[in-house]
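Any read-out appearing in this document is the output of simple, stated calculations on the displayed coordinates, not a laboratory observation. On a predicted model such as this, the values are computed, not experimentally measured, just so you know. Heads up, the Cβs are rebuilt from the backbone with ideal geometry, glycines too, and the neighbour counts pull from every protein chain shown.
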Amino acid sequence: MLAAAIIVGSYLVGSIPVAYLVGRATRGVDIREYGSGNVGASNIWQSVSRTLVVPVGLAQITQGLAGPGLAWLLDEPAGVQVAAALAAVVANDWNPWLGFSGGRGVGVTIGALIVLSPAALITFIVIALAGVVVRAIPQGVGLALVATPAAALVAGQPAAIVIGCAVLASIALAKRVLANGPPPGEHERPDVYVNRLLYDRDIRDREAWVRRSVAPGARHGVRTKT
């Protein structure tokens with residue numbers, strides 16, 4: 001019963017739509033209708049306020065840390081810690097309060113890795129920062145996610161942790177491809193899903209993507225330029 005309570009609690013904590021609430025509170029906007037449409041810290045940076053990206057990012061990291069951290073403090077097995085982490089990420093990515101739209105779960109995943117695998121976290125940070133240096137942030141984050149289970153394996157961590165890291169990476173990459181729905185009509189091309197996987201957007205031109213206008217009322221990726 002304790003394990004189930006921790007997992008459910010982790011899901012509820014992960015479901016708090018921090019970026020959405022900040023957008024509403026500070027600018028009165030639905031963040032899903034601006035910039036990338038992503039309900040996360042990166043879209044806060046692009047569309048709401050650069051000064052708020054740090055508290056939003058830290059809040060999302062805390063969301064990912066809370067459930068696994070509590071399981072660790074209560075000496076629950078690795079499997080329970082992993083399940084709590086996955087519950088938080090799934091709730092963030094497919095948020096029940098936002099019609100199952102959401103973010104990419106990277107911040108929440110980072111929080112989970114703090115508890116699950118410091119070795120995987122360090123590997124993630126190093127590779128992601130390398131992506132920043134070479135100005136290939138989406139690719140760097142993608143590679144960093146893929147590297148986390150290998151890092152946990154090399155560190156000699158339990159199989160549950162290695163598998164958990166692999167599932168966390170798979171969820172993040174799947175959410176990239178799925179985004180918050182199918183591509184809008186003007187972007188319905190065979191390469192859209194490749195662009196999403198590699199660039200985390202429907203088109204390669206980043207500036208055109210994040211600066212496009214989004215019609216009020218657009219949802220789940222169905223957007224029109226105005």
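Observations, loosely collected:
- Spacing of the two label points (7 Å from each Cα toward its C-beta) at Val29 and Ile163, in nm: 4.3 nm
- Normalising the Debye intensity of the chain to I(0), with uniform scatterers on Cα atoms only, and taking log10 at q = 0.16 Å⁻¹ returns -1.08.
- Close amide H contacts of Ser101 (hydrogens built in the peptide plane, cut-off under 5 Å, sequence separation of 5 or more or a different chain): Asn95.
- Applying a length cut-off of 24 Å (Cα extent along the axis) and a mean Kyte-Doolittle floor of 1.6 to the DSSP H helices of the chain leaves 137-154, 159-178.
- Förster radius 25 Å - calculated FRET efficiency between Leu58 and Ala4 (Cβ-Cβ, nearest 0.05): 0.35
- The chain: calculated mean residue ellipticity at 222 nm from DSSP helix runs of at least 4, using -39500 (n - 2.57): -20500 deg cm²/dmol
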